[in-house]
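> Below are the structure tokens for one structure; questions will follow.
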Amino acid sequence: MTTVAEELEQSPARHGLLRYAATKAGGALLSIAMVIVATFFLFRLLPGDPVRALAQGRNMTPEQLDLERARLGLDKPVPEQFLHFIGQTLRLDLGVSYEYKRPVLDLIGERLGSTLLLAGTALVIAVSLGLWQGARAGWKPGSRFDKISTAISLVLWSVPTFWLGLLLLMVFAAGIGPIPGIFPTRGSSSVDKPDGFAGVLDVGQHMVLPCLTLVAVVYAQYLLVMRSSVIDEVGQDYITTARAKGLRDDDVRRKHAVPNALLPTVTLVFLRIGFVVGGAVTVEAIFSWPGLGQLFYEAIRVPDFTLMQGTFLLITVSVIVMNTLADVVYHVLDPRVRSA
């Protein structure tokens, strides 16, 4: 049972949080509106004619091409196409794919699970590895472990994703020299995928290389942020007090320094959820992983405007939403932000 005084004390904080969340939500909606507008015009700057691309290998007369262009709505003026696109998007209708002749939402729904599996697994591994290494490196800065782990993470972070993916594909999938090809070169499962646990292992084997590529280029951020936070906490008075009480060094790090250093990393996790999904585009294209990234890559080749718009909107909106959630979570967890 809370007293009247406690309720009065909590009320301003609750109202402040709601006001802050509403402000961030308004900013997110404005960003999404700008993305919707930019999405329409951005992809129409790409070279290529969707109708001619779809007509390759088919003997179509100019009149037939014009009819196909009219069917897709590409014969209308750009402002009219834009208003039609805005109306569809507001109704949560992303249109019909030129190439697949199916609703874009259905295609996204079929591929979304594969992307979430790959990106989610990579995010969990990257966060766990980055936090563990960052905590150890920050606890004893300048140590051999700190120098080696930081150097490796910075090198991997600076390597282009597509280059690292192609390198892993060439070495561990195709095989090079004395190194045999261990992992599959493409797809998320074998053509004759077995049932049960054997099927799970088959998917896991296909996921090793694309997941490793994503982890390698992402985990460094968690390591560096966690390392910096732990270094800041080491010099605090409560750490000195805990050591003066005779607590073991590992206990001081695990029970006192690390929990307080986690705050910046928690917000980074929310931020990176959207970016990891976006970063999977390159990885999925390299390893032919049947997710949103591969779908987006296939749409660019046509170009399939409706499919590109739909997948791009989903990826960018996820980044904006996760960014907004990160700001709100940080506001909730850090009392210094609430009092500011």
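The values are calculated or read from the model by the stated rules, or taken from the named source; none is laboratory data. Note that the coordinates shown come from a computational prediction; the quantities given were computed from them, not determined experimentally. Here Cβ is always computed from backbone atoms with ideal geometry, including for glycine, and neighbour counts include all displayed protein chains. Each accessible area value is taken on the protein alone, full model and side chains, heavy atoms only, with ligands, DNA and RNA left out. Shrake-Rupley method; radii C 1.70, N 1.55, O 1.52, S 1.80 Å.
> Using amide H atoms built in the peptide plane, which far-off residues or other-chain residues are under 5 Å from residue 96 H to H?
104
> Can you send over the solvent-accessible area of residue 100, 1.4 Å probe, protein chains only, in Å² to the nearest 10?
Roughly 80 Å² of residue 100 is accessible to a 1.4 Å probe.
> If one takes the longest principal axis of the Cα atoms in the chain, at what angle in degrees, from 0 to 90 and to the nearest 10, does the Cα axis of helix 62-71 lie?
Long axis of 62-71 versus the principal axis of the chain: about 40 degrees.
> Also, I was wondering about something else. How long is the gain from residue 61 to residue 179 if the chain were fully straight, where each residue apart is worth 0.36 nm and the alpha carbon distance is subtracted?
That pair, residue 61 and residue 179, stretches by 37.2 nm at full extension.
> Can you pull the accessible area of residue 300 for me, 1.4 Å probe, Å² to the nearest 10?
Accessible area of residue 300: about 70 Å².
> Sorted from largest to smallest, which semi-axis lengths in Å does the alpha carbon gyration tensor of segment 217-322 give for its equivalent ellipsoid, taking the root of 5 times each eigenvalue?
So the equivalent ellipsoid measures 44, 13, 8 Å along its semi-axes.
> Here's something else I'd like to know. Taking a quarter of the surface of the Cα convex hull of segment 230-272, what do you get in nm²?
Projected area, direction-averaged: 3.0 nm².
> Rg to Rh for segment 30-137: what is it, with Cα atoms only and Rh by Kirkwood?
Looking at segment 30-137, the ratio lands at 1.16.
> Also: Viscosity 1.002 mPa s, temperature 20 °C: Stokes-Einstein D of segment 54-113 from its Kirkwood Cα radius, in µm² per second?
161
> Working from the pairwise distances between different alpha carbons, so that the mean of 1/r is found and then inverted, what is segment 91-206's Kirkwood radius in Å?
Kirkwood radius, segment 91-206: 18.1 Å.
> Another question, if that's okay. When the Karplus curve 6.51 cos²θ - 1.76 cosθ + 1.60 is applied with θ = phi - 60°, which whole-Hz ³J(HN,Hα) does each residue of segment 28-42 get, with x for Gly and Pro?
5, 5, 5, 5, 5, 4, 5, 5, 4, 5, 5, 4, 4, 7, 4
> Based on the Cα atoms of the chain, what semi-axes does the equivalent ellipsoid have, where each is the square root of 5 times one gyration tensor eigenvalue, given in whole Å with the largest first?
44, 31, 16
> Could you name the lysines whose alpha carbon sits less than 23 Å from that of residue 245, not counting residues in the same chain fewer than 8 places away?
Qualifying lysines at Cα under 23 Å: 140, 255.
> Let me have the 222 nm mean residue ellipticity of the chain computed from DSSP H runs of 4+ only, each contributing -39500 (n - 2.57), with the sum over all residues rounded to the nearest 500.
Helices in the chain give a 222 nm mean residue ellipticity of -25000 deg cm²/dmol.
> Evaluate the distance, in nm, between pseudo-label points positioned 7 Å from the Cα of residue 121 and of residue 33 along their respective Cα→Cβ axes.
Placing both labels 7 Å along Cα→Cβ, they lie 4.1 nm apart.
> May I ask you to give the solvent-accessible area per residue for the chain, in square angstrom, as obtained with a 1.4 angstrom probe?
With the other protein chains kept in place, the chain gives 55 Å² per residue.
> Show me the ranking of peptides 207-214, 23-30, 41-48 by mean Cβ neighbours inside 10 Å, starting with the highest.
Ranked by mean Cβ neighbours within 10 Å, highest first: 207-214, 23-30, 41-48.
> Where the accessible area of segment 137-226 is counted over protein heavy atoms with a 1.4 Å probe, how much of it, in %, is carbon and sulfur?
With neighbouring chains kept in place, the figure for segment 137-226 is 71 percent.
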